[in-house]
Amino acid sequence: VARIAHLDVDAFYASVELLRRPELRGKPVIVSGTGPRAVVTTASYEARRFGVGSAMPTARALRLCPAAVLIPPDFDAYRAASRRVWQIVGAHVDRVEQVGLDEGYLDLDGLVSPRAAVRRIVVDVHAATGLTVSVGIGPNKLVAKVASDAEKPRGFVVLSREEACARFAEASPGLVPGIGPKTVARLDALGLSTLGALAGAPEELLTERFGPNLGRELARRARFEHAGTVQTVREAKSQSSETTFDTDVGDRGTQERAIADLARDLAGRLGRRDLRGRTIGIKVRLDDWTTVTRARTLDHATNDVEVIAPIALDLLRAYDPPRPVRLLGVRVAGFERPPEPRDAPHGQLQLAL
Ligand SMILES: [Mg+2]
């Protein structure tokens, strides 16, 4: 069972703020920008009790919880806290895939007592940073991810695939990452309003209604089947940024803005890791789950957004998605070797090769 853990810091931005403003403990706290179109980035659990959630317009959050204390985000502080968390995780586990400032997957293969190791990580992170985390452990990333969310905050949930199927059988299919509100509504119309019902639905029905790609994927996800492995930065042959839209996007302007944002995010990440790649690619998933990739290879390696973004946009325009788009991604691959430490003796390196 215990092959992969998903670790997720509880109410991350709000928790970092509460650590340096202990006078706000126990109060509803919302981390958000100001302005008419601001959205909630994180809410403390006290604010969540009023129905406040991430990505909700701040104006609405304040109507639900007028007593909430509004704090503007301080991303430098969150990045610093995040680095400390992942340093501690990295001291215990070799293979870690960080998927955001506050969450990531841990490959537990090869650990003698994986649960005990993860419990130690939880304790160490709290001791060093004051932050609490929730953990899900399972045979694959999908089970681990859903399990980490099941008993927040301070959750520690270990499930086999079968146990996950049983435990979440009555939950909405929307509980599973990758099944969005629009798909949930279509499943509802078929009478498939729980994961259990979806898992038991004949695959022919699903492929007939949703097409072969999405149909099969829905059936797999409802059974908590997932084949993805933990991708560590060190071994990664490519880096990508992806976004899944809440509702499928047919408008080219919106698609292009998303590609430009993804390119900027990716270039920033590559820059911080001092990685440059020669191949720039895009990934487009249509509303029927057809997934297409396109790439172009340059004669020099880059991590410059001014190079990556125009090429990614060009690839999108050349592909010209024939249907509304569900997911977009930008990818850079073909990394040049990272710069060697200045004192590395060359002869020795060649011997090692
Ligand atoms: Mg979190």
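Bear in mind that the values in this text are calculations on the coordinates, not laboratory data. Bear in mind the structure is a predicted one, so any value in this text is a computation, not a measurement. Because the Cβ atoms are built from the backbone with ideal geometry, glycine has one as well, and the counts that use them run over all protein chains shown.
Distance distribution note for the range 198-292: the fraction of Cα pairs above 19 angstrom is 57%.
The label point for R252 and the one for T232, both projected 7 Å from the Cα toward the Cβ, are 4.4 nm apart. Could you run the Debye sum over the Cα atoms of the chain, one equal point scatterer each and no solvent, and tell me log10 of I(q)/I(0) at q = 0.06, 0.09, 0.12 Å⁻¹, two decimals? Debye curve over Cα of the chain, log10 I(q)/I(0) at q = 0.06, 0.09, 0.12 Å⁻¹: -0.25, -0.59, -1.09. Loop-located GluC sites (Glu not before Pro) in the range 203-263 (DSSP state not H, G, I, E or B) with no more than 11 neighbouring Cβ atoms inside 10 Å: E235. Per residue, the average separation of C-alpha pairs within less than 8 Å and at least 6 apart gives the range 136-189 a relative contact order of 28 percent. Computed from phi, the 3J(HN,Hα) profile of the range 249-258 under the Karplus parametrisation 6.51, -1.76, 1.60 (θ = phi - 60°) reads 10, x, 6, 5, x, 5, 4, 5, 5, 5 Hz, with x in place of Gly and Pro. Comparing V292, V332, V89 in a Gaussian network model of the chain (Cα springs below 10 Å), the most mobile by mean-square fluctuation is V292. Rg over Rh for the range 165-227 works out to 0.91, both radii taken from alpha-carbon positions and Rh defined as the Kirkwood radius.
Among residues other than G51 whose Cβ falls under 13 Å from its Cβ, what is the net charge (Lys/Arg +1, Asp/Glu -1)?
Charge balance in the 13 Å sphere: +3.
Please label the shape of the range 31-153 as rounded, prolate or oblate, based on the square roots a ≥ b ≥ c of the eigenvalues of the alpha-carbon gyration tensor (a/c under 1.5 means rounded; beyond that, a/b larger than b/c means prolate, else oblate). Prolate. Measuring nothing but alpha carbons in the range 127-249 and taking Rh as the Kirkwood radius, the Rg to Rh ratio lands at 1.01. Of the trypsin sites (Lys or Arg not before Pro) found in the range 1-63, those in coil by DSSP whose Cβ has at most 13 other Cβ atoms within 10 Å are R25, R37, R49.
Of the cross-linked pairs K141/K182; K141/K283; K27/K141; K141/K237, those separated by over 30 Å at the C-alpha level are K27/K141. Backbone geometry of the range 47-55 corresponds, through the Karplus equation with coefficients 6.51, -1.76 and 1.60 at θ = phi - 60°, to 3J(HN,Hα) couplings of 6, 4, 4, 8, x, 6, x, 4, 6 Hz, x marking Gly and Pro. Annotation for the range 151-183: GluC sites (Glu not before Pro) lying in DSSP loop with at most 13 further Cβ atoms inside 10 Å of their Cβ are E151, E170. Rg then Dmax, both in Å and based on the Cα atoms of the range 1-89: 14.1, 47. Once both labels are positioned 7 Å from their Cα atoms along Cα-to-Cβ, the gap between R167 and Q87 label points is 3.2 nm. Near the amide H of T132, within less than 5 Å, lie the amide hydrogens of D10, all on another chain or at least 5 residues away, with H placed in the peptide plane. Taking springs between alpha-carbon atoms closer than 10 angstrom, which of G35, G104, G51 fluctuates most in the Gaussian network model of the chain? Answer for the Gaussian network model of the chain: G35.
Count charges around A258 for me, please; just the other residues with Cβ under 13 Å from its Cβ, Lys/Arg as +1, Asp/Glu as -1.
Neighbour charge sum, excluding A258 itself: -1.
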